[in-house]
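Asks: Before we start, here is the structure in question, set down as structure tokens.
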Amino acid sequence: MDWGMQNRLGRLIQPDGHCFFLPIDHGYFQGPTSKLEKPGETIKPLIPYADGLFVTRGVLRSCVDPRNCPPIILRVSGGTSIIGKDLAHEAITTSVQEALRLNVAAVGMSIFVGSDYEHDSLLNLAKLVDEGQSYGLPVMAVTAVGKELEKRDARYLSLCCRIAAELGANIVKTYWCENFDRVVNGCPVPVVMAGGPKCETEREVFEFVYDGMQKGAIGLNLGRNVWQHPHPVAMMKALRAIIHEKASAKGAEEIFQEEKKEKKG
Ligand code: 5RP
């Protein structure tokens with residue numbers, strides 16, 4: 001692997017081989033998502049605990065301090081909205097030149113396997129990988145499901161992750177699901193887990209994150225279950241313990257309760 005590519009991946013993936021990315025890209029199709037109306041304020045207390053920030057160039061330039069931020073994964077796909085015809089109809093919205101100008105550690109885009117726009121999104125990924133490789137810029141593929149959250153099972157997600165890896169993605173972001181080992185084992189590049197819509201309890205989040213890590217994920221790209229939670233800093237710290245300190249779900253719960261009690265966040 002070329003030096004630049006290694007260096008960028010090394011900024012994102014920590015020496016223990018694990019990572020905790022904080023995504024705040026939801027506005028690119030959802031608008032001012034709850035608790036992300038002012039992204040700069042939302043992330044301020046969370047930044048010290050994130051190994052990377054997944055964000056669009058617009059929010060990066062307007063809300064993120066260039067002198068105080070973790071490595072950036074730039075979301076470079078979009079062009080749809082939650083009220084439009086089809087969320088899967090994305091294109092590449094940001095050039096690799098722009099990504100390099102912003103000195104990002106990686107770029108990320110969604111693929112929509114099984115949708116009417118499967119072919120377009122997969123070719124977009126392949127082209128982005130070609131360009132990324134030329135400049136030592138890693139690509140994170142996001143296995144998106146649009147509004148069809150019920151698609152999140154091992155059969156479907158293992159198909160998506162494998163295709164993303166075959167097309168050259170350096171990291172794949174997918175959802176946790178039952179039998180998650182099937183997803184990870186079929187994917188020859190590192191897999192990180194998204195959180196999806198906010199869970200009922202924090203324990204649910206800790207349980208699936210722990211399970212996913214045991215089954216081979218290298219970490220998280222998890223947003224709403226942190227920043228939509230009333231105690232986001234406590235969530236970050238507890239999840240970080242699972243990712244980087246081998247904490248169990250119960251251990252994470254204890255850290256969470258302790259942090260919450262001390263009203264640290
Ligand atoms: C949304 C995304 C998010 O980065 C991804 O879904 C992770 O966030 P969450 O944990 O809130 O699901 O790609 O466009």
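The numbers here are math on the coordinates, done by the rules we state, and not lab data. As the structure is a prediction and not an experimental result, all values here were calculated from the model. In this analysis, Cβ positions are derived from the backbone assuming ideal geometry, glycine residues included, and neighbour counts consider all displayed protein chains.
Asks: Compute the FRET efficiency between S95 and E254 as 1/(1 + (r/R0)^6), taking r as their Cβ-Cβ distance and R0 = 51 Å, and round to the nearest 0.05. Show your work: numbers first, answer last.
Replies: Values: r = 46 Å, r/R0 = 0.90.
Rounded to the nearest 0.05, the efficiency is 0.65.
Asks: Then there is this: Kindly rank 46-55, 31-40 from highest to lowest mean number of other beta carbons found within 10 Å of each residue.
Replies: On the way: 46-55: 21.3, 31-40: 15.5.
Per-residue Cβ counts within 10 Å, averaged per peptide and sorted highest first, yield 46-55, 31-40.
Asks: What FRET efficiency, computed as 1/(1 + (r/R0)^6) with R0 = 51 Å and r the Cβ-Cβ distance, is obtained for Y135 and K261, rounded to the nearest 0.05? Let's see the in-between values first.
Replies: Numbers: r = 47 Å, r/R0 = 0.93.
So, using R0 = 51 Å, E works out to roughly 0.60.
Asks: Report D for region 3-261 in µm² per second (integer): Stokes-Einstein, Kirkwood Rh on Cα pairs, 25 °C, 0.890 mPa s.
Replies: Numbers: Rh = 18.1 Å.
Estimated diffusion coefficient is 135 µm²/s.
Asks: Determine the percent antiparallel among the DSSP beta bridges restricted to region 78-232, to the nearest 5. Kindly include the intermediate steps, with their values, before the conclusion.
Replies: Details: 1 of 15 bridges.
So the antiparallel bridges amount to about 5 percent of the total.
Asks: Another question, then. Using a 4.7 Å cut-off between beta carbons, which cysteines in the chain end up with no partner cysteine at all?
Replies: Cys with no partner Cβ under 4.7 Å: C19, C63, C69, C160, C177, C199.
Asks: So who's got an amide H within less than 5 Å of the one on V142, skipping anything under 5 residues away but keeping other chains? H placed 1.01 Å off N, in plane.
Replies: Excluding prolines and chain starts, which carry no amide H, the hits are M109, S110, I111, K173.
Asks: So which of K127/K198; K85/K173; K127/K173; K35/K127; K85/K237; K44/K151 end up more than 30 Å apart by C-alpha? Before the final figure, lay out the partial values.
Replies: Values: K127/K198 33 Å; K85/K173 24 Å; K127/K173 18 Å; K35/K127 34 Å; K85/K237 39 Å; K44/K151 34 Å.
Result: K127/K198; K35/K127; K85/K237; K44/K151 exceed 30 Å.
Asks: How much of the DSSP bridge set in region 3-261 is antiparallel, in percent, rounded to the nearest 5? Each step should come with its number before you reach the end.
Replies: On the way: 2 of 28 bridges.
In region 3-261, DSSP labels about 5 percent of beta bridges as antiparallel.
Asks: Let me ask something else. May I ask you to compute the full-extension gain from N103 to D16, defined as 0.36 nm times their residue separation minus their alpha-carbon distance, rounded to one decimal in nm?
Replies: Working: separation 87, 0.36 × 87 = 31.32 nm, distance 2.40 nm.
Computed gain between N103 and D16 is 28.9 nm.
Asks: Going highest first, how would you order 163-171, 192-200, 61-69 by mean Cβ packing within 10 Å? Don't skip to the end; give the middle numbers.
Replies: Values: 163-171: 21.4, 192-200: 18.0, 61-69: 11.6.
Sorting 163-171, 192-200, 61-69 by mean packing, highest first, produces 163-171, 192-200, 61-69.
Asks: Further question: When the helices in the chain are scored as -39500 (n - 2.57) per DSSP H run of 4 or longer and the sum is shared across all residues, what 222 nm value do you end up with, to the nearest 500 deg cm²/dmol?
Replies: On the way: 12 runs with 113 residues, N = 265.
Using -39500 (n - 2.57) per qualifying helix, the result is -12000 deg cm²/dmol.
Asks: Still on this structure, I have one more. Run the dipole for the chain about the Cα centre, Lys and Arg Cβ at +1, Asp and Glu Cβ at -1, nothing else charged, and hand back the magnitude in debye, nearest 20.
Replies: Working: 31 positive and 32 negative charges, 129 e Å.
Result for the chain is approximately 620 debye, rounded to the nearest 20.
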